[in-house]
Amino acid sequence: MDNTDMDDVVRDLAEKMVSFLETGTAPEELFSPDAFLDLTMPTWRIQAAGAEELIAVRKEGHSGPGRVTRWRADPTPTGFVFEFEERWEHAGQEWYSRELMRVEVAGGQVAELTVYCTGDWDQARQAEHAA
């Protein structure tokens, strides 16, 4: 695969990832059936094997729709690095999170995700950071 083809694959998968993060519904062919997730948060780590389990982890952590307010995808030899910020409503507050993913691609689908998350910031934490 030449660089142009890989750039197209990365762009397509990154846009599908944004859709998944915002809706909780995985677009067709985003994840390979045996995709693996390794998610690290400030005080915990979750691993999931298989696309269905990976999607369930997302829905458990962010059950409602949200907005990806900023993202960037940088190709690597085997996939891409995906950086993003997201916001969502929960319990009467607007929440914020900033994350970085190392995405391994196989057969044009996400095969492995290693995710580093800042944790979910409520409005008080966001105000503290702004000050």
Residue in region 9-22 that is farthest from Met101 (Cα to Cα), counting only those that are out of contact with any helix residue (DSSP H, G or I) (no Cβ under 9 Å at 6 or more places or on another chain) and either among the hydrophobic types (A, V, I, L, M, F, W, C) or modelled with pLDDT under 95 (or both): Val9
Condition broken by Gly79, with the remaining ones in (1) within 20 Å of Asp7 (Cβ to Cβ); (2) within 12 Å of the chain's Cα centre (by Cα); (3) touching a residue at least 60 places away in the same chain (Cβ under 8 Å) satisfied: (2)
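Looking only at region 82-131, how many residues end up being of a type in the set (Val, Ile, Thr) and closer than 21 Å to Asp5 by Cα?
Step one: filter region 82-131 for residues of a type in the set (Val, Ile, Thr), giving 103, 105, 110, 114-115, 118.
Next, from what is left, pick out any that are closer than 21 Å to Asp5 by Cα: 103, 105, 110.
Final tally of qualifying residues: 3.
The values are calculated or read from the model by the stated rules, or taken from the named source; none is laboratory data. Treat the numbers as computed from the prediction; the structure is a model and nothing was measured. Heads up, the Cβs are rebuilt from the backbone with ideal geometry, glycines too, and the neighbour counts pull from every protein chain shown.
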